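The values are calculated or read from the model by the stated rules, or taken from the named source; none is laboratory data. Just so it is clear, the structure is predicted and the values come from calculations on it, not from any experiment. As a convention, Cβ positions derive from the backbone with ideal geometry for all residues, glycine included, and neighbour counts pool all protein chains shown.
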Amino acid sequence: MKLFAFRGIRVLVDPILIVLLAVAALLGVGRDMVLMFAFVFGHELCHTLMAIALGVEIDEIELLPFGGVARARGMDRVVGWREVLIALVGPLFNFLCAWCCLMAAKLWPQFAPSLLTPVYLNLTMGCFNLLPAFPLDGGRILRSLLSSFLGRERATDVCAVIGVALGAGLSCFGIWGVLSVGRVNPLLISIGVFIILNALREKRRWALGAVTNLEEKRQIIRRGAMEESWITAGKEVSLWEIARRFHKNRYTVVRVVDERMRPLGTVYEDRILDCILRGEREKTLGELVRSG
């Protein structure tokens, strides 16, 4: 759901987040939730401003139940120190906010109890985001450092695996709390699942972009027109296999046929890529045609 636009950048909010804020207000902790997501927005805004300063186009910022994300064009081409700067500026914002709150508490001791919450929130957010795992900022910093030794693809795989391990560890810790002390920690379990899903999505997105030259195609379309390329493939061919055959500078249309070379239907590049990004890379062309 769109909140507003800032210099052409859409600011979106997940509807689930609004529900959580309403529930938090009913439970008497609405102020803390609003504070947390104000700092999340500031964190993502710092990523956005640094990216713009380095020449990266930002499409939107989305506030999610467990954090936020800034979506950019051409981020796959941002490597080295530029990637590190964009990733690092978010946690630095949180540490700066925590320091400012501590200084304010020293100057005005009467407000110190109220300032402890923002200090805790910012320190937690900053430290957590520096963990070396996708989709966190620390994972992007680690990938940039590892890329010079392992290459971009293997570095992405390593950070994605660490992200899955971190998410699984958080979820298991939450479940252990249920089994050991009988207390459910749904937030910890949910954050773990969120990290796992987004680490895997980042790995798929990078692999897909590397194979299909996706960002370059978007640049061509923005400049004008693109040539079209047709492929004829059997219905048992997987989406990932056919994606590897896409022309890197043309929009691909796939005609699907059966064993007798009879046409079953036509599918377009964007639909195939959407399915792969959803984790359906092993789905066949025949299944895609049948699903409409």
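Of the candidates F194, F173, the single residue that is surrounded by 15 or more Cβ atoms within 10 Å (Cβ to Cβ), modelled with pLDDT under 85 and of a type in the set (F, W, Y) is F194. Here the condition is being at negative phi, in contact with a Phe, Trp or Tyr (Cβ under 6 Å, 6 or more places away or on another chain) and part of a loop (DSSP other than H, G, I, E, B); of R281, R260, it holds for R281 alone. Total residues in region 133-165 satisfying the condition of being within 15 Å of the chain's Cα centre (by Cα) and not in a helix (DSSP H, G or I): the figure is 4.
Search region 213-236 for residues being touching a helix residue (DSSP H, G or I) at 6+ places or on another chain (Cβ under 6 Å) and not in a strand (DSSP E or B), and hand back the single one that is modelled with the highest pLDDT. So, considering only residues that are touching a helix residue (DSSP H, G or I) at 6+ places or on another chain (Cβ under 6 Å) and not in a strand (DSSP E or B), the one modelled with the highest pLDDT is K235. Taking the criterion of being in a helix (DSSP H, G or I), free of Cβ contacts under 8 Å to residues at least 24 places away in the same chain and not aliphatic (A, V, I, L, M), the residues of region 95-126 that qualify are W99, C100, C101, K106, P109, Q110, F111, P113, S114, Y120, T124.
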